Amino acid sequence: MSFEKLKLLFLRLGNEVMENLISELDILKDSGEACETVRVSKSTHSGTGRKLYIESYGCQMNFSDSEIVASILKQDGFDTTSDILQADVIFLNTCSIREKAEQTVRNRLTYINSLKKNNPALLVGVLGCMAERLKSKLLEEEKIVDLVAGPDAYRDLPNLINQVDEGDKAVNTFLSREETYADISPVRLNSNGVTAFISIMRGCDNMCTFCVVPFTRGRERSRDPLSIVQEARDLLSNGFREVTLLGQNVDSYKWSAEENNKAWIEKKSASNIVSFANLLEMVAQVSPKLRIRFSTSHPKDITDDVLRVMARYDNICKSIHLPVQSGNSRILDLMNRGYSREWYLDKAKRIREILGNDCSISSDMITGFCTESDEDHQDTLTLMDAVQFDFAYMFFYSERPGTLAAKKWQDDVSLEVKKARLDQIIEKQREHSLLRNKADVGKVHEVLIEGVSKRSDKFLQGRNTHNKVIVFPKDNFKKGEYVNVLVEECTGGTLVGKAVGPKNF
Ligand code: SAM
Ligand code: SF4
């Protein structure tokens, strides 16, 4: 098929591509069914060990944690498998962020439990965010799992597995104030060999009233910066060309040699503190050939220092994920986000002042939070018009037991209204994504090639600095190379173009 025909195919596929993108982004479909992202461990065969199958749900932090789990159990003699039917041990690394995420895991557990009929020795465990909330229900009431481990208990997994082997149920949901797994070199499970994630901190101290994370993942801790830089160096020497620094609120990264727990650093006024801006610079200096991204930024914490470091280094991608959640100051206050509509708009302006119009800004948004009126919702739509996000993850509010909002207020916006509002913001975001992508047409973009396009093996795909997928004919280019691509066409989800030459360093 000619390039022109393939290009037309891509453009015709526009809506479908957008749909795929949407499902990958875990937003709500028209049916009201949330599509939760799931990832499965790859296969490794040392031929010696029991086989571990891990299915991971939810956010990137969870996928990253599964790599830590695989690494800990590899040291204990385990292989990983991508075939659930081959597994001796099945772990679901779970997410509690919305009710639908929990429901998906519970349905999956029913199926997995049915496998035990043919294989009574099969060990089934629940890891991650659902562990603390549902441990007694899963272990004692429903008896559908053998093992439960919270996000800070993964070093204990070999011991917990031994307990189950000896005929007991095993549980550890202790939330640590220090654990960062800094010394564990993760086994890359779903890797394309080019891009990787590095966890730089754990937990969250923010207490947004809608959010369960502070309860499921515990207090905020920052990881030793030297171990982060070393992990980036190791990835580079293993052929990786892009790292994303991960945390719930990366801008509040704070580390001192004396203390790695942010709360303690603040109390004890520790010396020689490494801030997120310092860390970003340290990682950027590893090599100009290693691209750096980071996620997630919090509007109240991102500083001019961070923006200036971004401006100084070509290899730090010009893309900021800055979740706004709502465009209405009263709702933001109820959410305990720590900023107002005006503060957020000023922050977006500041980003563009320091980094230029070319920096992409993306967001998360929630519709139908407690007491949200139609006028409040209109404020979210007008804020979207003012900022014009490049893309967004959009959700309707899902009340989570134990959160401050669940304790204090009634979940008083009907599901129907929440969904109708969600449809409106999705529609607006489609328009803005297309508009922002159209502005990229006719320009040359530096693309890091991640592999063959999902649609045709005659095409390659990669991302530009703004984290947008760009597809172009293969020629002689290869995965892991940087190439300059002239973008000629776009949809709301993808840019299509042709390579105009390799990037020279
Ligand atoms: N730490 C990040 C921040 O503050 O922006 C976000 C982490 S959270 C895992 C990802 C997103 O899930 C949030 O930004 C929010 O939009 C959404 N979310 C969290 N709790 C939710 C809830 N109870 N209902 C609906 N969406 C929720
Ligand atoms: Fe949840 Fe807020 Fe922490 Fe993000 S910053 S993880 S939304 S409490």
- Message: For a quick check: with amide H placed at 1.01 Å from N, whose amide H comes under 5 Å from PHE396's, ignoring anything fewer than 5 positions away on the same chain?
- Response: THR367
- Task: Just name one of ASN192, LEU147, LEU355: the one whose Cα is farthest towards the positive end of the charge dipole of the chain (beta-carbon charges, Lys/Arg +1, Asp/Glu -1).
- Result: ASN192
- Note on the structure: quick note, the chain, DSSP beta bridge pairs, % antiparallel (nearest 5) is 40 percent
- Note on the structure: Over the chain, the sum of -39500 (n - 2.57) across DSSP H runs of at least four, divided by residue number and rounded to 500 deg cm²/dmol, gives at 222 nm -10500 deg cm²/dmol
- Query: Tell me, what is the Rg over Rh of the range 178-291, with Rh the Kirkwood radius over Cα pairs?
  - Reply: 0.98
- Query: DSSP loop trypsin sites (Lys or Arg not before Pro) in the range 64-141 with at most 12 other Cβ atoms within 10 Å of their Cβ, which ones?
  - Reply: LYS117
- So what is the orientation-averaged projected area of the range 111-181, using the convex hull of its C-alpha atoms, in nm²? 4.9 nm²
- Message: I want the local charge near SER185. Using Cβ-Cβ distances under 11 Å, sum +1 for each Lys or Arg and -1 for each Asp or Glu among the other residues.
- Response: -2
- Item | Computed over the range 416-504, Kirkwood Rh from alpha-carbon pairs, angstrom | 13.8 Å
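Can you figure out the FRET efficiency of SER271 with SER185, using R₀ = 30 Å and their beta-carbon distance, to the nearest 0.05?
0.55
What whole-number volume per residue, in cubic angstrom, does the convex hull of the C-alpha atoms of the chain give?
Measuring per residue, one finds 156 Å³ for the Cα hull of the chain.
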- Task: Just name one of GLN230, VAL324, VAL444: the one whose Cα is farthest towards the positive end of the charge dipole of the chain (beta-carbon charges, Lys/Arg +1, Asp/Glu -1).
- Result: VAL444
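Using +1 on the beta carbon of Lys and Arg, -1 on that of Asp and Glu, and nothing else charged, what's the dipole of the range 248-335 about the Cα centre, debye to 20?
220 debye
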- Message: Give the lysines whose C-alpha is closer than 30 Å to that of LYS143, dropping any in the same chain fewer than 8 places away, or say none.
- Response: LYS42, LYS51, LYS74, LYS100, LYS116, LYS117, LYS135, LYS169, LYS407
- Using unit Cβ charges (K, R positive; D, E negative) and no other charged atoms, how large, in debye to the nearest 20, is the dipole of the chain about its Cα centre? 980 debye
- Toward the positive end of the charge dipole of the chain, about the Cα centre and with charges on Cβ (Lys, Arg +1; Asp, Glu -1), which of ASN464, HIS377, THR110 goes farthest? ASN464
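Taking DSSP loops as anything outside H, G, I, E and B, show the longest stretch in the chain free of GluC sites (Glu not before Pro) there with at most 13 other beta carbons within 10 Å.
259-505
Apply 1/(1 + (r/R0)^6) to the Cβ-Cβ distance of TRP409 and TYR111, taking R0 = 30 Å, and write down the FRET efficiency to the nearest 0.05.
The calculated FRET efficiency here is 0.25.
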- If you average 1/r over every pair of different alpha-carbon atoms in the range 120-242 and take one over that average, what Kirkwood value in Å do you get? 16.3 Å
- Per 10 Å bin, what is the whole-percent P(r) computed from every C-alpha pair distance within the range 273-420? 10, 37, 29, 17, 6, 0
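No value in this document is a laboratory result; all are computed from the given coordinates. Since the model is a prediction, treat every value here as computed from it, not as a measurement. Don't worry about glycine lacking a Cβ; one is built from the backbone with ideal geometry, like all the others, and counts go over all protein chains shown.
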